Each structure stands twice: as structure tokens, then as C-alpha cells.
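The values are calculated or read from the model by the stated rules, or taken from the named source; none is laboratory data. Values in this document were obtained by computation on a predicted structure and should not be read as measured data. Heads up, the Cβs are rebuilt from the backbone with ideal geometry, glycines too, and the neighbour counts pull from every protein chain shown.
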Amino acid sequence: MDLFIHLTYPEDINMTYHKAKKAVIIAEKILTPKILDIIESSGARGYTVVPAGGKGAHHQHYTSERASVVDDFSTVRIEVIVKNKSIAETIGNKVVAECFSQYSGIVYLEDVEILRPAKFNSD
Amino acid sequence: MDLFIHLTYPEDINMTYHKAKKAVIIAEKILTPKILDIIESSGARGYTVVPAGGKGAHHQHYTSERASVVDDFSTVRIEVIVKNKSIAETIGNKVVAECFSQYSGIVYLEDVEILRPAKFNSD
Amino acid sequence: MDLFIHLTYPEDINMTYHKAKKAVIIAEKILTPKILDIIESSGARGYTVVPAGGKGAHHQHYTSERASVVDDFSTVRIEVIVKNKSIAETIGNKVVAECFSQYSGIVYLEDVEILRPAKFNSD
């Protein structure tokens, strides 16, 4: 039976879910290079960028008019997963300190479960 | 040492993560203004809109054909973070009651951790 | 009072949040049909697809150049919610086994709370 399972999932040794932390950053598109520098220097091995629009605190719109909020994607939603909570917190802290004094934006963290943790950050 | 930390992070008094709740709404694009009204009237101070495609319950496609699912973004994914679970639940309840009797769509909630909670909703 | 609540929310019997599991798959766009087959055959009744860009493990970029990371969305972010953790795990396992030996990509799971669970997967 062990052999049979092994044949079904050649990668079965990796098929265990591990707790990890996701940081999500929503920011103006112009900040993307600076945010990616912060992410890459933290040891994270990947990130995902999605085009976004919306509205931030203080009631400034990220996009110029509400009517265009569904079509004008001048904002980015960047997510990055790392194994350690402390790395996720550091990414969040640095993005707020270095990017969000001049520009609006938010950072939040979430618990996630991942396969193949070696793909997410160097130790 | 306190001084040193203070110099490193001028905003250190804000660098504490607080539990908050995220509501995610996936709906047809035409519903966006109605959903944003519900979100804004709840006291939330911001939201993020992302173009999306996909398929909903009852096997109707959000987009007209599966072949075009990756290119035809006639759906929106709206996320909003608020400090209180009850506000997130109210947003979800209202969206379902007021929007999803006629149109397909889903709402879900997630736990998140945020910095600078004053930016997310008025008390 | 029960009657009053009933009048306020005609769908009040559905206005209870239930624990469920979300699987998120970030993959090259070309893999979308294969991933949607895995999702649909798992019993999930819907999914959401968002255009994305970014960078994966081993430092290959999903997109050809970092400069274009915010504009070249050759990656997809697919999310699917199911009632049972085991279904979410099976989706994740199958996507990794069948798609990610040749292509880069990640899968992660998250806890969510949903309304109207019958809309999410057949039992």
C-alpha cells in the first residue's frame, strides 16, 4: 500500500501543509519598485502583483473618480508569503515607515498554510 | 536603547499589529456602485477593487464562456478591512440581502492583522 | 421580535457565518484550464480568477522583466472556497503534483467564514 500511494503521488513527501504568514500590501502603483526591494531584501523568494483600484483612508480615492473605480487600476495589490511571522511583520513595518508617510496605502497580515515551504523564503 | 529604537522607526508607536476583519465580495461588475454604497455607509474608510472572472454557484459562468475566463473580467473582487467583526458581518449580510437575490456572487470573511487601525474605520 | 427580525432580513435563516476553507493557486496563465479541471472535479461549485504578475521561487520571474511586473499579467491568481478542509487540501495536492513539476507556482490555504454554504460545494 505504501508503494501504491508512492506511485500515486511521486511528491508525497511534500504534501504536508505548513503554517506560514502572508503580507498583503495595497499601494499606489508608483511605489511598486520600492516595495519589491523591501520584499526581496527580507529573504522572501516570490511575490504576486495584481492590478487594483479603490479608496484609501482620509477619503482620497486611489483612482481619480469613483465612477472609474472599476476600470482605472492605478493601485497594486502585492502579496508575499514567508515562513516566519517576524519576516512578514518586518516587511509590513518597513513598507509603512518607508512608503506610507507620503503616499496612502495599507498593509495587513494573514495566516496561511503552504506546501513545499522551502520555496517561500531562505532561512 | 529606547532612543535608538526611536531613531530607527520614527513611527514605532504605530508598529503594533491589531486583529481586524476582512470582508471579500465577489460580484458582477454592474453591482459595484451598490456594494460600495453598503461599504461606505458601514463606516469603513477604504476598499480595494480588483478585476476578476470566474464561475459561480448553479454553474452559471460569470464570464460568457470558459475559454475566455482568463481574459474577460466582468466580475469584481472587492475587499474591505474593518476593526470590528460585527461591521464586517453587517457588510456581508447587506450585500447578500440587497444584491445576491437577483445576481450571483459570494461574500466571505477572514481574520487579518493590521497596523494603524485608525485608518480602517470610524468608531 | 422574531417577526420583526424576519421582516428586516427576509433571508435571515441564511445570515449565519460558517467556517470554510479557501485554496489560492498562483500559476502561469497557460495552466488555467488544467487547474480549473482539478477544481471542478473536486466538487467545488465556483472559483474566481484574477490576472497577476510577480516572481516565483528559484528567482525566475513569472513576467519577463521586473520593470514590466506591474503591467504584464501572464500569471493568474485563482481562488476557490469549499466547505471541507480535506477538499481544499486535495485541490492543493493535485495542483502541485500535476502542474508544478514543470511550471513554477504556489498553492496556499486560508480559513474563511461564509454565508449560504450550499453555494460552495456539493457534499
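Considering only residues in region C:73-90 that are part of a helix (DSSP H, G or I) and more than 11 Å from chain A (Cβ to nearest Cβ), the one that is surrounded by the fewest Cβ atoms within 10 Å (Cβ to Cβ) turns out to be C:SER86.
So which residues in region A:25-36 are assigned to a helix (DSSP H, G or I) and within 13 Å of the chain's Cα centre (by Cα)? A:THR32, A:ILE35, A:LEU36 - these are the residues of region A:25-36 that are assigned to a helix (DSSP H, G or I) and within 13 Å of the chain's Cα centre (by Cα).
Cβ separations smaller than 6 Å between residues 6+ apart or across chains give the following pairs from region C:65-91 residues that are more than 30 Å from C:LYS19 (Cβ to Cβ) and acidic (Asp, Glu) to residues that are surrounded by fewer than 21 Cβ atoms within 10 Å (Cβ to Cβ) and modelled with pLDDT under 95: C:ASP72/C:THR63.
Quick check: anything in region C:92-104 within 9 Å of another protein chain (Cβ to nearest Cβ), farther than 25 Å from C:THR16 by Cβ and of a type in the set (Ser, Thr, Tyr)? For region C:92-104, residues within 9 Å of another protein chain (Cβ to nearest Cβ), farther than 25 Å from C:THR16 by Cβ and of a type in the set (Ser, Thr, Tyr): present.
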